[in-house]
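Written out below as structure tokens is the structure these notes cover.
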Amino acid sequence: MKSDIILSGVGGQGIVSIAATIAMTALDSNLNIKQSEVHGMSQRGGAVYSHLRISDTDISSDLIPMGKANIIISVEPMESLRYLPWLNKDGWLVTNSTPFINIPDYPDLKTLHSEIEKFPNHILINADEIARRVKSPRSSNIVMLGAATPFLEIPIKNFESAIKKIFGRKGEKIIELNIQALHAGREFSLKHQKEKV
Amino acid sequence: MEKLLLLGAEAIAQGAIDGGMSGIYAYPGTPSTEITEYVQNNKVALERNIHRNWSANEKTAVEAALGMSYSGKRAMACMKHVGLNVAADPFINAAITGVNGGLVITVADDPSMHSSQNEQDTRFYGKFAMIPMLEPSNQQEAYDMAYEAFEISEQFKIPVLIRITTRLSHSRSGVERKELKPENPLTYPEDPIQFVLLPSNARKRYKGLLSIQTSIEEAAEKSKYNKLYDGKDKSLGIIACGIAYNYLMENYPDEDCPYPILKIGQYPMPYYLLDRIVNDCKKILVLEDGYPFVEEQIKGYFDKSGKITGRLSGSIPRDGELNPDIVAKALGKEVKKYFDVPEIIKNRPPELCSGCAHRDIYTALNETMKEFGKQKVFSDIGCYTLGALPPWDAINSCVDMGASITMAKGAADAGVRPAVAVIGDSTFTHSGMTALLDCVYENTPVTIIIADNSTTAMTGGQASHATGRLEEICIGLGVKPQHVRVLTPLPKFHQEMVKVIREELLYDGVSVIIPRRECVQTATRSKKEQKVKEEEVAK
């Protein structure tokens, strides 16, 4: 079992929590993990990414080689396309459709979405709206994680228990909301997968 | 023992705690900051009361660590690569004094300058100081090296250097802990003048340092971190240092590399292992993250044969960090790219946070400077460095910590009027105070703006030594009290700020302006923590 995952977004959008949750599921399953992230200057409103590698054998490089990632999980649409060179030819592109516009020359959103929709294996999901719908507006990153779960070879209940562990300190209510966000994202992906077939 | 999921930096911290460390001394600096933060949040460190407060700068950090070593206890000093430039004086001389309790200096390099002014390679400093050096290739090695380094230091009675790079420091993986060791007791050096570097004693101690070079080379030769793996195909021999070994192995996932490999994790360079691989193979490829440190030394000044290849020969790029694809190409392997980045993707450079006080400071400064001309604002390292970018384009220099004030002074000496410096509060106590003293000493006409957000912001909001004492320090150093002006940087005070800055720019002496407002990141975080605390109390 091997999974090479690229997480992307803008500094402050919570990709670290997504990475931590996936890493926790891998840890619980006794899999090997390497998870690389950016700190410091890169986070001041800039593009951020994390490489997360999970395997049942030893992992060498902390960085995913070009053309080898199984999936890009992005909380921001423009950022999802920045790391395309790392995506495997059959890899999945799973991204939020809600833009984070903090630059004057942000591309036209329709064009951006159509670039994403060019991919046969894509999920374009309005995670922000879904998060609001399940009454957890700050969990759009967990919605994205849920949307990615059908493509990660890890049982959904492992993600649920990882969320319980990671958000445990914040209380039952927060855990429940995040689990709902997780499932809402997952259902969207499963529905859209079926529609393609 | 259970496996922890740790960053490379955290692995070093855990290894040092388990290795019996009594104190960690550091100044924040990417990618080393997390080492000290881990110790600050660690249960055992709390129980043992391991010293873990931040130091004013890297020099004071190394000196304090040396003082703890003098007293018989194990200490570590941590910094980023350029921080070692600041600490170079005690660092080089600690090799001459030698240690009492084990002393470990951990330096985190930043190839590709993700968050730095350069990508200098700390291994040169290890060679310069003539001390043992350890370079981990993964998180477990990082733990093991930190765990063992204090004993190595006590064995040879000199400091030990651990060198790590960004991609290992900021990457998490599973680490197995070893048994927690006790701390050393307080003991004085056997030789009461061991640490006195008067020339007569220093010469003696230097000869002592020279005399143990053979034994530290032998230790590297026998080290479990240096390993020669045989290979049938001797047309190429590969030397892989530290993290480069991972990138090499990534390209041979079935452990089927046909070439001999020498993995290097401990220095001085292992002569006999190097001799074997260089003589056995037709060509050598040196893979190292940083400068061509090993490549240059084994190549030889006059060798034009092209046998030794690496960064100098162009087999891998001269600058920038390594990654598995660069290594693949150097090995003649194909790197498959299925998709390109679409042209519509734009750069998203870092910027000052929304609501940051620096925005209001630069807006006011820019308006004021319209009257006085361009290219007269000197700055240095911190979040405020982002003022160099649009839309502010407000500063004209950033060289090293504290240089804002001293460069403004030099420019003023040359006749630049007005000469302005923008510095942060933490950078000011790091190395701006001596610069200010130089200005006061000559009453140089400079206007120094200390942007006080009461934190060390860029590295994540660590405590700043300046908080609550800036005005006192400036007046204590000799700035006239009427020319120490405190402002609140907010849009509604823009006109007031412009007025005050203008007054001080026109003053023909040393002015210090302190616009003070808490960093929005630390303010938000402390509000959140306060809320969590209140909810817990309410329960």
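The values are calculated or read from the model by the stated rules, or taken from the named source; none is laboratory data. As the structure is a computational prediction, the values presented were derived from the model and not from experiment. Glycine also receives a Cβ, built like all others from the backbone with ideal geometry; neighbour counts cover every protein chain displayed. Remember, those area values only see protein heavy atoms, side chains included, never the ligands or the DNA or RNA. Shrake-Rupley method; radii C 1.70, N 1.55, O 1.52, S 1.80 Å.
What is the angle, in °, between the Cα long axis of helix B:403-414 and the longest principal axis of the Cα atoms in chain B? Nearest 10 is fine, range 0 to 90. Its long axis makes an angle of about 60 degrees. Label separation (B:Q213 vs B:K337): 4.5 nm, computed from points 7 Å beyond Cα along the C-beta direction. Solvent exposure of segment B:254-378, expressed per residue, is 51 Å² of accessible area, with all protein chains present and a 1.4 angstrom probe.
Size of chain B from its Cα atoms: along the principal axes, largest to smallest, the extents are 76, 65, 64 Å.
When A and B come together, around 4200 square angstrom of accessible surface is lost from both chains combined, probe 1.4 Å. Put simply, segment B:417-535 fits an ellipsoid with semi-axes of 29, 17, 11 Å; these come from the alpha carbon gyration tensor as the roots of five times its eigenvalues, largest first. Restriction of the trypsin sites (Lys or Arg not before Pro) in segment A:90-197 to DSSP coil positions whose beta-carbon has at most 12 other beta-carbons within 10 angstrom yields A:K118, A:K135. Taking the 0 to 90 degree range and rounding to the nearest ten, how far is the long axis of helix B:139-156 tilted relative to the main principal axis of chain B, both from C-alpha atoms? Taking the Cα atoms of chain B, the angle to B:139-156 is about 80 degrees. Each listed q (0.17, 0.20 Å⁻¹) maps to a log10 I(q)/I(0) for segment B:325-445, found by the Debye formula over equal Cα scatterers with no solvent: -0.84, -1.09. Our summary gives chain A a relative contact order of 20 percent, counting only alpha carbon pairs under 8 angstrom and 6 or more residues apart. Using a cut-off of 14 Å between alpha-carbon atoms, which aspartates and glutamates can reach B:K59, once sequence neighbours fewer than 8 places away in the same chain are excluded? Qualifying aspartates and glutamates at Cα under 14 Å: B:D89. Cα extents for segment B:1-88 along the principal axes, largest to smallest and rounded to whole angstrom: 38, 29, 16.
The portion of the accessible surface of the protein assembly as shown made up by carbon and sulfur, rounded to a whole percent, is 53 (1.4 Å probe; DNA, RNA and ligands excluded). Suppose R0 equals 60 Å. What FRET efficiency, 1/(1 + (r/R0)^6) with r the Cβ-Cβ distance, do B:K346 and B:K480 give to the nearest 0.05? Step by step, r from the Cβ atoms, then E = 0.80.
Against the empirical 2.2 N^0.38 Å (N residues), segment A:1-75 has a Cα radius of gyration ratio of 1.07. Scanning chain B for GluC sites (Glu not before Pro) that sit in a DSSP loop and have at most 11 other Cβ atoms within 10 Å, the longest stretch containing none of them is B:3-178. Among A:F119, A:F159, A:F151, which one shows the biggest mean-square fluctuation in a GNM of chain A, springs joining Cα atoms closer than 10 Å? Taking springs between Cα atoms under 10 Å, the residue moving most is A:F119.
Averaged over peptide A:110-121, the number of partner chain Cβ atoms lying within 10 Å of each residue's Cβ comes to 1. For A:W92, the solvent-accessible surface with a 1.4 Å probe is about 40 Å², rounded to the nearest 10. Note that the protein assembly as shown carries a Kirkwood radius of 27.6 Å, evaluated over its alpha carbons pair by pair. For the pair B:A388 and B:L180, a Förster radius of 51 Å applied to the C-beta separation gives a FRET efficiency near 0.65, rounded to the nearest 0.05. Buried on complex formation within segment B:346-388 (loss of at least 10 square angstrom of accessible surface versus the isolated chain, 1.4 Å probe, ligands and nucleic acids ignored): B:K346, B:N347, B:R348, B:P349, B:P350, B:E351, B:C353, B:C383, B:L386.
The modelled label-to-label distance for the pair B:E2/B:K234, using points 7 Å beyond Cα in the direction of Cβ, is 5.1 nm. Listed cross-link partners B:K127/B:K299; A:K89/B:K263; B:K234/B:K337 are compared with a 23 Å cut-off, the Cα-Cα value being larger for A:K89/B:K263; B:K234/B:K337. Taking each DSSP H run with n ≥ 4 as -39500 (n - 2.57) and averaging over every residue of chain B yields -12000 deg cm²/dmol at 222 nm. Structural descriptor for chain B: relative contact order 11 percent, calculated from alpha carbon pairs under 8 angstrom and at least 6 residues apart. Positive end of the dipole of segment B:252-356 (Cβ unit charges, origin at the Cα centre): among B:S313, B:I264, B:G290, the Cα lying farthest that way belongs to B:S313. Remark: the Cα gyration tensor places segment A:39-197 in the rounded category, a/c being less than 1.5. Only lysine pairs 8 or more places apart or on separate chains count here, and in segment B:404-539 those with Cα atoms under 27 Å apart total 8.
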